[in-house]
């Protein structure tokens with residue numbers, strides 16, 4: 001049903017799409033900014049992005065140059081991280097500053113942090129010095145920490161202020177007020193430390209002349225280096241839309257919003273799933289060919305080395321293979337099936353890690369749980385493939401060799417698959433990137449070894 | 001750095017954990033609810049969940065029975081979807097109603113919708129009839145549509161109301177007001193259709209006696225069957241924290257919040273990544289062994305059939321294999337490397353689909369882009385593996401056979417990997433679940449066929 005509607009949506013977009021790209025191209029050639037804006041206007045933001053990325057690189061640059069800064073900023077904001085950096089990098093510094101000015105400070109800082117120092121400084125020089133200093137400070141925080149995810153603007157008032165001052169602030173701060181959306185007003189002391197938070201209900205029931213200190217409650221704060229995992233936990237545990245972030249010395253540094261945390265979690269989940277598939281960086285097909293090719297190759301070349309190591313096991317048993325050539329039919333099967341079983345275990349562990357319900361020190365418990373599944377599934381698959389081998393080649397002992405090898409290797413595969421991500425996490429390595437290839441190589445080697453050594457042992461019965 | 005801090009966090013938790021589980025067990029045996037609550041209190045919500053899931057099923061049930069309904073509800077809310085349903089299913093109906101009462105209506109409806117009809121009705125009978133009717137209605141909406149993601153409570157006022165009425169509403173609605181968090185007040189006409197939305201600034205600057213109709217603006221609304229993709233686009237394109245959801249007849253049905261959409265997107269990304277790895281449903285290791293085993297086996301058995309099909313290609317060329325046994329060493333390598341290349345292409349397409357920057361009808365353009373990468377990477381990998389084969393076995397023609405086969409198969413693999421998810425999407429199939437096995441089988445078959453048929457052709461040179 002959901003997919004159905006998706007489909008309808010896509011089809012509707014389709015009717016207008018083929019001429020659309022040509023119309024945009026035409027408008028670009030005529031430098032007709034208004035035409036481009038009106039062509040893009042009815043599209044959802046992902047549709048606008050799709051049109052932008054379907055253009056050549058020069059046309060993309062031209063489009064972002066021509067349209068109003070707000071639309072350019074929307075596109076930069078919607079683009080995958082790396083693409084966004086690339087788009088800004090290719091803008092002239094003055095234009096880049098104009099576009100960045102339309103973005104929230106957390107995204108500004110992300111982009112500034114990813115540019116070359118020289119380009120970053122060229123852009124920062126267009127901002128007023130105070131804002132530039134703020135951005136440099138923000139850019140220095142680690143991604144996926146409260147410092148990296150917060151906006152620098154806090155909706156804060158001194159502890160001497162009155163309710164009336166806050167209400168006037170809410171009413172008057174126009175566009176800037178937009179940046180505070182969902183924030184409660186914070187009360188800070190003379191040293192800029194958040195000492196209170198004021199509820200809307202409090203504001204509406206108090207007298208305008210009341211001091212904020214009489215209606216405020218103590219705020220929950222997080223430190224600039226609070227991790228994304230911890231932030232997710234905090235927001236899961238309450239209804240706040242934002243939390244004030246404090247520096248080591250207790251001064252308020254900014255505010256991290258629930259939606260910034262949600263967006264970062266989504267991005268992390270997607271990039272971790274990509275890494276497991278051997279996609280490095282956030283590749284989109286609009287990137288230059290050589291870049292996409294080089295990155296994929298880097299991962300594949302590492303994989304080829306691991307494959308050679310695994311294949312050397314087969315090579316060591318060429319005599320056995322030559323004697324019972326039917327085994328060659330089953331080698332890739334045993335290796336693939338074990339790989340699948342192992343991957344299932346990796347998937348479950350990665351998910352449990354991301355939910356926070358498993359930790360590296362649970363490795364032994366995880367291993368026990370995996371072995372139980374491994375024994376059952378290993379037996380089932382072993383019997384199945386053993387029967388297939390027997391039926392196919394007519395030799396019951398061949399069935400025994402293949403079935404036994406797959407059964408044992410399934411247990412090995414789920415053990416490694418379940419536990420390795422935890423060990424990698426413990427060693428501060430990224431469990432997503434390394435689990436896959438490591439798992440495949442080891443299960444391949446073990447699978448080949450099991451099949452071929454069992455066959456060597458039982459050789460007289462196989463001939 | 002992030003990982004580092006993660007680590008520290010985990011270690012801190014570790015010190016208190018081993019005794020913690022025993023302390024909880026002890027408190028459970030003594031039916032000491034307060035003790036359990038105070039043990040869990042300092043943990044973040046994911047930590048509480050981890051403790052719960054590390055208990056036996058009976059102890060889990062007992063814990064949720066003993067603690068206050070609010071904590072039980074927090075745990076149900078934090079649990080993965082299926083686990084949450086299971087936890088509620090095992091509660092006595094009265095208790096389940098108590099716990100559900102603490103949850104937002106979208107989650108209530110999700111849970112009700114997933115229970116057996118009988119159990120659902122037993123629980124619903126404890127709610128007041130109007131609320132129960134609301135929940136039945138909510139439960140009927142598709143997941144991942146505005147109807148399925150919204151809360152039924154809208155912070156709405158009749159078009160005859162005054163500013164003062166809204167301000168009084170904000171101040172007085174106590175706990176219920178919590179459920180409206182982030183919602184602007186909506187104005188509805190006599191037929192319950194949303195005709196206006198009122199900004200906080202408007203409320204604060206107007207006189208209390210002013211009619212809402214004088215300060216309201218026309219609200220953006222979504223229909224109950226708006227898809228998650230469309231909702232993501234809408235929220236990306238503006239700053240709203242929530243949007244009113246209307247029935248087909250235009251009446252307001254509820255409000256969908258930005259954070260509900262974000263959470264659903266995160267869940268979908270994670271479950272799609274799991275499906276690609278052959279994990280069906282949201283398995284956590286706290287589930288019963290037989291269930292985990294059976295589900296994994298279902299997927300593996302389908303895979304074994306595909307593997308047999310691929311292996312039959314090898315079987316058809318046993319003579320060639322017997323003549324040049326060295327080929328058996330390279331068969332799994334060609335199959336694995338092509339599979340990796342294809343998976344990279346699948347990953348990029350899945351990501352572009354989720355970003356909305358590619359659509360099924362872009363298949364041809366995607367294919368062209370993939371073929372370019374495939375040719376470059378195929379040549380590079382082919383030369384590499386060809387040299388390895390030559391160096392290893394001393395026969396340049398063996399190198400040629402293996403290298404050529406891998407080169408061609410890489411192009412095939414990236415073509416299939418890039419395009420198949422788009423075709424599956426076009427056919428309303430889930431691209432995540434089917435791409436992997438389909439891809440592997442076809443690239444395996446093609447790889448085996450290429451190596452073995454090329455070898456058969458060049459047989460005299462290989463001996």
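Looking at chain B alone, DSSP beta bridges between its own residues are antiparallel in about 70 percent of cases. Relative to the longest principal Cα axis of chain A, at what angle does helix A:327-355 sit, 0 to 90 degrees, rounded to 10? Helix A:327-355 sits roughly 30 degrees off the main axis of chain A.
Largest first and in whole Å, what are the equivalent-ellipsoid semi-axes of the range A:207-256 based on the Cα gyration tensor, each being the root of 5 times an eigenvalue? Mind showing how you got there, number by number?
Numbers: eigenvalues 123, 44, 11 Å².
Three semi-axes, in Å: 25, 15, 7.
Is there a simple number for the mean count of other chain Cβ atoms within 10 Å of the Cβ of residues in B:371-381, and what is it? It would help to have the intermediate numbers written out before the result.
Values: counts 0, 5, 10, 2, 1, 7, 7, 0, 0, 7, 5.
If you average over the peptide's residues, the count of other-chain Cβ atoms is 4.
Summarising the strand pairing of the protein assembly as shown, around 70 percent of its internal DSSP beta bridges are antiparallel.
Would you mind putting B:128-136, A:147-155, B:334-342 in packing order, based on average other-beta-carbon counts within 10 Å, highest first?
Values: B:128-136: 14.0, A:147-155: 22.9, B:334-342: 28.1.
Descending packing order for the listed peptides: B:334-342, A:147-155, B:128-136.
The helix-based estimate of mean residue ellipticity at 222 nm for chain A, built from -39,500 (n - 2.57) per DSSP H run of four or more residues and divided by its residue count, is -22500 deg cm²/dmol to the nearest 500. Distances from residue A:94 to itself in the other copies, using label points 7 Å out along the Cα-Cβ axis, amount to 7.7 nm in increasing order. For the residues of B:319-327, the average number of beta carbons from a partner chain within 10 Å of their own beta carbon is 4. The same position residue A:428 in the other copies lies at 5.2 nm from this copy, comparing label points 7 Å beyond Cα toward the beta-carbon, shortest first.
Binning all Cα-Cα separations of chain A at 10 Å, short to long from zero, yields these whole-percent fractions: 4, 15, 19, 20, 17, 13, 8, 3, 1, 0. Each other copy places its own label point for residue A:220 at 2.9 nm from this one, sorted shortest first, where the point lies 7 Å along the Cα-to-beta carbon line. Quick one: helix B:258-276 against the long Cα principal axis of chain B, what's the angle to the nearest 10°, folded into 0 to 90? Taking the Cα atoms of chain B, the angle to B:258-276 is about 30 degrees.
Given in Å, the Rg to one decimal and the Dmax to the nearest whole number for the Cα atoms of the range B:19-142 are 14.7, 47. Quick one: angle between helix A:396-426 and the longest Cα principal axis of chain A, in degrees between 0 and 90, rounded to 10, please. Its long axis makes an angle of about 30 degrees. Distance from the alpha carbon centroid of the range B:256-281 to that of the range B:315-344 works out to 36 angstrom.
Looking at the protein assembly as shown, I'd like the Rg to Rh ratio, where Rg is from alpha-carbon atoms and Rh is Kirkwood's inverse mean 1/r. Let's see the in-between values first.
On the way: Rg = 30.1 Å, Rh = 30.2 Å.
Here Rg/Rh amounts to 0.99.
Look at the stretch A:223-229: the mean tally of other chain Cβ atoms within 10 Å of its residues' Cβ atoms is 3. Ranked by the mean number of other Cβ atoms within 10 Å of their residues, highest first, the peptides B:288-297, A:302-311 come out as A:302-311, B:288-297.
Each value in this text was obtained by applying a stated rule to the coordinates, not by laboratory testing. Note that the structure is a prediction, hence the values are computed from the model and not measured. So basically every Cβ, Gly included, is an ideal-geometry build from the backbone, and we count neighbours across all protein chains shown.
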